[in-house]
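What follows is one structure encoded as structure tokens, with my remarks underneath.
What follows draws every value from the coordinates through simple rules; no lab data is involved. Because the structure is a prediction, the values reported are computed rather than measured. With ideal geometry, Cβ positions are generated from the backbone for all residues, glycine too; neighbour counts draw on all protein chains shown.
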Amino acid sequence: MDYSKVIQAIESVKHPAINASLTTLGILQDIDIEDGKVKGTLVWPFELVPPQIKQIIISSIQNALQPFGLNFEYEERLMNEEEKNRFLELEKANWKGF
């Protein structure tokens with residue numbers, strides 16, 4: 001399997017309301033491919049991210065991996081202050097809304 005194509009597919013997944021990829025925004029981190037799975041960490045900027053936004057993001061990642069026959073497993077955590085400030089700057093610069 002060409003892992004560079006898998007990484008490329010993952011890095012092309014964009015946030016539903018921000019014109020930037022999840023990896024650029026810092027929402028998807030610690031990507032690892034092993035045993036037919038892609039493992040990663042979803043890092044949320046706020047504790048109360050609406051469940052429907054989370055589901056859209058998770059589904060988008062799963063859809064990007066589907067052509068490769070890979071499953072997505074993840075852990076979740078909140079962004080630290082530095083990560084959140086970077087996210088907010090990128091959000092402001094790239095906001096497209098719904």
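What the table below lists for this structure:
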read-out: Test for residue 63: is it touching a Lys or Arg at 6+ places or on another chain (Cβ under 6 Å) and closer than 19 Å to residue 5 by Cβ; value: no
read-out: So residue 24, is it among the hydroxyl-bearing types (Ser, Thr, Tyr) and assigned to a strand (DSSP E or B); value: no
read-out: Exclusive hit being of a type outside the set (S, T, N, Q) and either loosely packed, with under 12 Cβ neighbours inside 10 Å or touching a Cys at 6+ places or on another chain (Cβ under 7 Å) (or both), set 74, 3; value: 3
read-out: Residue 39 vs. criteria assigned to a helix (DSSP H, G or I), free of Cβ contacts under 8 Å to residues at least 40 places away in the same chain and either more than 23 Å from residue 4 (Cβ to Cβ) or over 11 Å from the mean Cα position of the chain (by Cα) (or both); value: no
read-out: Residue within the range 73-96 that is touching a helix residue (DSSP H, G or I) at 6+ places or on another chain (Cβ under 7 Å) and free of Cβ contacts under 8 Å to residues at least 12 places away in the same chain present; value: no
read-out: Test: residue in the range 5-14 that is assigned to a strand (DSSP E or B), of a type in the set (A, V, I, L, M, F, W, C) and on the phi < 0 side of the Ramachandran plot; value: no
read-out: Residue count for the range 42-71, restricted to those that are exposed (fewer than 10 other Cβ atoms within 10 Å of the Cβ), touching a strand residue (DSSP E or B) at 6+ places or on another chain (Cβ under 7 Å) and in a helix (DSSP H, G or I); value: 0
